[in-house]
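Asker: Below are the structure tokens for one structure; questions will follow.
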Amino acid sequence: MSRNKYLIPLILVTSLFFLWGFAYGLLDVLNKHFQETLNISKTRSTLLQGAYFGAYFLVALPAGIFMNKYGYKKGIILGLCLYAIGAFLFYPAAEQLSFNFFLVALFILASGLACLETAANPYVTVLGSPETSETRLNLSQCFNGVGAFLGPIIAIFLFFGGDKGHSGNLDSVKIIYVVIGVVVLLIAGFFLKTSLPEIKESEIVSSQELDKKPLFEHSNFKFGVVAQFFYVAAQVGIAAFFINYCTEANTGIQNAKAAALLSAGLILFTVGRFVGTALMQVFAPNKLLTAYALINVLLCVIVVLNKEWVSVYALLAIFFFESIMFPTIFALGLKDLGHHTKKASSFLIMSIVGGAIVPVAMGLVADKYSTSISYVVPLFCFLVVAWYGWKGYKVNAASEGKEEEPLKVVFRH
């Protein structure tokens, strides 16, 4: 297919990355808002994360099976419809002041996101040259970072800013999610009217022998699931305990300033994706992944040592260097999987459940020792990621010692 035939589908699919980044960006702000408006405990408010990540774990594999039978386009439309339904259900949930109803709505919304991620991530990797799949996915994931950054900013303004009445009721929640639902339906309409190339992965696989192997005999995929589990665990844990760390770091930082610093970290995360995408035109993706993971290991050491502002700055820097990890692991994990690609994508999305499980270990360590010591957990997680970029990404034994070629520019403007 020509590059022009790929361009419009790539732009449309990239819009999906912004949509699920924005939804995730709202999540942590909702926690605090519901604590105040629904008078629920902090522990109960974390059920929002349970509903969100639980949907990814439960829905990703069925979504992959659905796409394997009906194709990427129908998988994307299904995801958008579930996303919109979940968003619209926030309105009756707010009318009834029912936290349990919110959990159901969020689960349905996140089920749609699981479908979108299961479809969009692998679709971007096969929508063009295999040699530049990591760069394309990182470029698309840049807009996920933009959504994740804008989500909390808009939510903080609507829920807590300006009109003081916003913090005492759920009117702003109803408004923002109805708007989201309408926008998502409009985008679903664009997908319905746009012809998307349905790429057969078995036709682009580089080796017919690889195509015949059972999925879990592909070591790059198998270890990719492990690496993704630990990466997402590190990302969620670092953000979840960020405000606690800053306020306990003997720097005089209060909650408001800590929240502002968290926003700064999300900006660094977004900038890091754009910078990483540019660097992948020069450096092999696996090498960049290894270097970034090792840098984060050193930064976690500084965070654990709790050297006041030095450690706070190190914690902020982690956001920049973790930015490329999810899309790079995802693309490396899908290399040369042929007809297994859709199913493999489901397992890689299911590994996001690390974000619901491993941070609990950080909480246990923080309660028994200190928040700073709890950052030993993401330190270990980044070691796993570094190993994957060094050894685990290789497609098969024959690729031992084989170097990745530097990536070339994907688009010409």
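Asker: Given the conditions (1) small (Gly, Ala, Ser); (2) without any contact (Cβ under 8 Å) to a residue 60 or more places away in the chain; (3) under 17 Å from residue 381 (Cα atoms), report the number of the one that residue 293 does not fulfil.
Answerer: All conditions pass for residue 293, except number (2).
Asker: Tell me whether region 372-388 contains one or more residues that are over 29 Å from residue 116 (Cα atoms), assigned to a helix (DSSP H, G or I), modelled with pLDDT of 80 or more and of a type in the set (Gly, Ala, Ser).
Answerer: For region 372-388, residues over 29 Å from residue 116 (Cα atoms), assigned to a helix (DSSP H, G or I), modelled with pLDDT of 80 or more and of a type in the set (Gly, Ala, Ser): present.
Asker: Any residue at all in region 298-316 that is in a loop (DSSP other than H, G, I, E, B) and in contact with a Ser or Thr (Cβ under 9 Å, 6 or more places away or on another chain)?
Answerer: Taking region 298-316 first, the residues in a loop (DSSP other than H, G, I, E, B) are 306-308.
Next, only the ones that are in contact with a Ser or Thr (Cβ under 9 Å, 6 or more places away or on another chain) stay: 306, 308.
Within region 298-316, one or more residues are in a loop (DSSP other than H, G, I, E, B) and in contact with a Ser or Thr (Cβ under 9 Å, 6 or more places away or on another chain).
The values are calculated or read from the model by the stated rules, or taken from the named source; none is laboratory data. Predicted, not measured: the structure shown is a model, and the values here were computed from it. Neighbour counts are summed over all protein chains in view; Cβ atoms, including those assigned to glycine, are modelled from backbone coordinates with ideal geometry.
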